[in-house]
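The values are calculated or read from the model by the stated rules, or taken from the named source; none is laboratory data. Remember, it's a predicted structure, so these values are computed and weren't measured experimentally. Here the Cβ positions follow ideal geometry from the backbone for every residue, glycine too, while neighbour counts run over all protein chains shown.
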Amino acid sequence: MEVKARAPGKIILAGEHAVVHGSTAVAAAIDLYTYVTLRFPLPSAESNDRLTLQLKDISLEFSWSLARIKEAIPYDSSTLCRSTPASCSEETLKSIAVLVEEQSLPKEKMWLSSGISTFLWLYTRIIGFNPATVVINSELPYGSGLGSSAALCVALTAALLASSISDKTRGNGWSSLDETNLELLNKWAFEGEKIIHGKPSGIDNTVSAYGNMIKFCSGEITRLQSYMPLRMLITNTRVGRNTKALVSGVSQRAVRHPDAMKSVFNAVDSISKELAAIIQSKDETSVTEKEERIKELMEMNQGLLLSMGVSHSSIEAVILTTVKHKLVSKLTGAGGGGCVLTLLPTGTVVDKVVEELESSGFQCFTALIGGNGAQI
Ligand code: PMV
């Protein structure tokens, strides 16, 4: 049997980092996906005692005998908790880390280890110690602020949950999950994100699971309906960074300057709420006027992200280049490099600015904003 799932990446339009501290954020899915294929061997097949993970984009393969996994992981299939998502305990995580270490990851690929741990946790907790080959490939650049880790957690969980959904329910082509499975999927994916990021807000996995555009605050999800065209240029600075370290840096700053940072987070909260209201408003305000207001909100949000300490010289370079073309930009995701969003008001011709950004070594692309969520 073969099961396929896909989940999109995302952009955060407003509110990253502050969302970890209880502020509102607004995020949208983009049409770049991570794909997960589960292949279950026939009982008679040679590989029916192994779990194999293939990362197609980086041509890496990891494989464990099921006997070794059972020996290392301190739970058995009878304690499966498919319908009650649970956190991975410190003890279990340590045992899983040993299984990952045994795979001798190349030094320059050590950053993959938390993702592989997440894979082993989600796989064994949702479908137990069953043999399979799991193939992952992604259109998302890794670690660039477009939610690649969340898309991986969501697509993997969707495939695992779908393996127990009958073919009839799945139908032909890509189909979305029903509300109950979506909620379950999102909760599991959040547990996976915790292994990768430590203290995620949950916005990345939520927008990847549900798709479209969402307003998110302390786990409360509001699905947004946009009543205006929203075009963004996405520029990848190609500067790698670590979300966990950046999130922790902001938290440490909040401990050192609680009052000042509280004001910063409150200001971000207001920006996100106003942005959501503009996007959703059906009133008479012209699109141009709405775009002007969004521009100012993005500019203010970027200023506040700078004050949280998560901007970067590469991000500032992109901002300065786009300002020359009278365009406004802000970082998206964790910052410290990664991707930058530039609002493209109606009628904007991007050729010149893209040419200038790309000649500085950045990578530009436009993506469809607010598309599908997880599908099987
Ligand atoms: O996944 P990234 O790197 O795009 O950033 C996640 C967004 C943060 O707000 C920085 C963290 C979070 O968990 O919300």
Of the listed residues (252, 302), the one being crowded, with 20+ Cβ neighbours inside 10 Å, in a helix (DSSP H, G or I), assigned by TED's automatic domain parsing to the domain that holds residue 345 and not charged (D, E, K, R) is 302
Quick one: residue 50 ticks every box in (1) under 22 Å from the mean Cα position of the chain (by Cα); (2) crowded, with 16+ Cβ neighbours inside 10 Å; (3) more than 16 Å from the ligand (Cβ to nearest atom) bar one, so which box is it? (1)
Qualifying position, being of a type outside the set (Lys, Arg), modelled with pLDDT of 90 or more and in a helix (DSSP H, G or I), among 113, 78, 87: 113
Take residue 23 and tell me if it is on the phi < 0 side of the Ramachandran plot, outside any strand (DSSP E or B), touching a residue at least 40 places away in the same chain (Cβ under 8 Å) and not hydrophobic (A, V, I, L, M, F, W, C). yes
Hey, among the residues in segment 126-152 that are part of a helix (DSSP H, G or I) and touching a residue at least 60 places away in the same chain (Cβ under 8 Å), which one's farthest from the chain's Cα centre (by Cα)? 126
Residue count for segment 29-87, restricted to those that are without any contact (Cβ under 8 Å) to a residue 24 or more places away in the chain and within 30 Å of residue 364 (Cβ to Cβ): 1
Taking segment 330-349, which residues are crowded, with 17+ Cβ neighbours inside 10 Å and more than 16 Å from the ligand (Cβ to nearest atom)? 342, 343, 344, 345
For segment 90-110: of the residues being at pLDDT 90 or above and among the aliphatic types (A, V, I, L, M), which is surrounded by the most Cβ atoms within 10 Å (Cβ to Cβ)? 96
Name the residue, out of 133, 118, that is more than 16 Å from the ligand (Cβ to nearest atom), polar (S, T, N, Q) and not assigned by TED's automatic domain parsing to the domain that holds residue 246. 133
Qualifying position, being in contact with a helix residue (DSSP H, G or I) (Cβ under 8 Å, 6 or more places away or on another chain) and within 16 Å of the ligand (Cβ to nearest atom), among 314, 248, 307: 307
